1. Using the Cα gyration tensor of region 121-211, with a ≥ b ≥ c the square roots of its eigenvalues, what is the shape: rounded (a/c below 1.5), prolate (a/b larger than b/c) or oblate (neither)?
2. Just grab the label-to-label distance for Thr201 and Ser181, each label 7 Å out from Cα along the Cβ direction, in nm (one decimal).
3. With an 8 Å Cα cut-off and a minimum separation of 6 or more residues, compute the relative contact order for region 126-211 in percent.
4. Report, as a whole number in µm² per second, the diffusion coefficient that Stokes-Einstein gives for region 168-211 at 4 °C and 1.567 mPa s using the Kirkwood radius over alpha carbon pairs.
5. Based on the Cβ-Cβ distance of Ile71 and Ser188, what FRET efficiency does E = 1/(1 + (r/R0)^6) give at R0 = 45 Å, to the nearest 0.05?
6. Place the peptides 184-191, 53-60 in order of packing, highest mean first, counting for every residue the other Cβ atoms within 10 Å and averaging per peptide.
Amino acid sequence: DANGNVLASMALSGLGLVPAVVSGPPTALATHPATWGDVWETAISSKGDLVLGDFQDGALYEFPAGGGPLITLAATGTWGGGGWTNMGVAIDPWNNLWIGDNWNANVIRIPYDSVNHTWNLSGPNTITYTWQIMGVNPNYFQAGAIAFSSVVTNGTTTMVVTAENIPALYEYTVDSKGNFSNGATVVSALKSRARSLAIDTTGNIYLFEDG
């Protein structure tokens, strides 16, 4: 949240206990950078790895499944001119990490390292998609929030991406290797930029308009 607190929901399966929500500064949950900013975007892999996007400072962090030290996936100030400030963060059904690289107008896909349970942004299989090749909007747009359906049909799923400078909402079909198809405009003119983007199992899209 705006004060740098991490919210964690915990449930004990099969014990009939109501899930407990724990709120507090990151120091109460794990070691964190002294320059922690605003955590607006989070994503969790199917293995339980938690990724946090530092909205204010443009940094990216991982809390590994099962505990262990925090992993800095992208340090504050890595990108000139703001870099991933206002970033979108999402994980697809195959545990690949996706970033809406807002200020650079790109969408980035980082494959999941199933051995080390992390993502290597400088790895050879990381893909950067520029706005020119996204296949829907011919105009320049800054990618923001991203969401994936958890439903996989014939090896593909639905991805939704918001444009923050327009603002608009686009939908794509994507496979486990990051190939795009069937790009379409869902909403051509939102009232303001979209955050907290999500898709349910029947394909309905939910979002919060910021502003």
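1. Note, shape of region 121-211 comes out oblate.
2. Between Thr201 and Ser181, the label points sit 2.5 nm apart.
3. Taking the mean separation of contacting Cα pairs over the length of region 126-211, I get 24 percent.
4. Roughly 110 µm²/s, to the nearest whole number.
5. For Ile71 and Ser188, the calculated efficiency is 0.70.
6. Top to bottom by mean Cβ count within 10 Å: 53-60, 184-191.
Read-outs throughout are calculated quantities, based only on the coordinates presented, and are distinct from any laboratory measurement. Quick caveat: nothing in here was measured; it's all calculated off a predicted structure. Glycine gets a Cβ as well: all are built from the backbone with ideal geometry, and neighbour counts include every protein chain shown.
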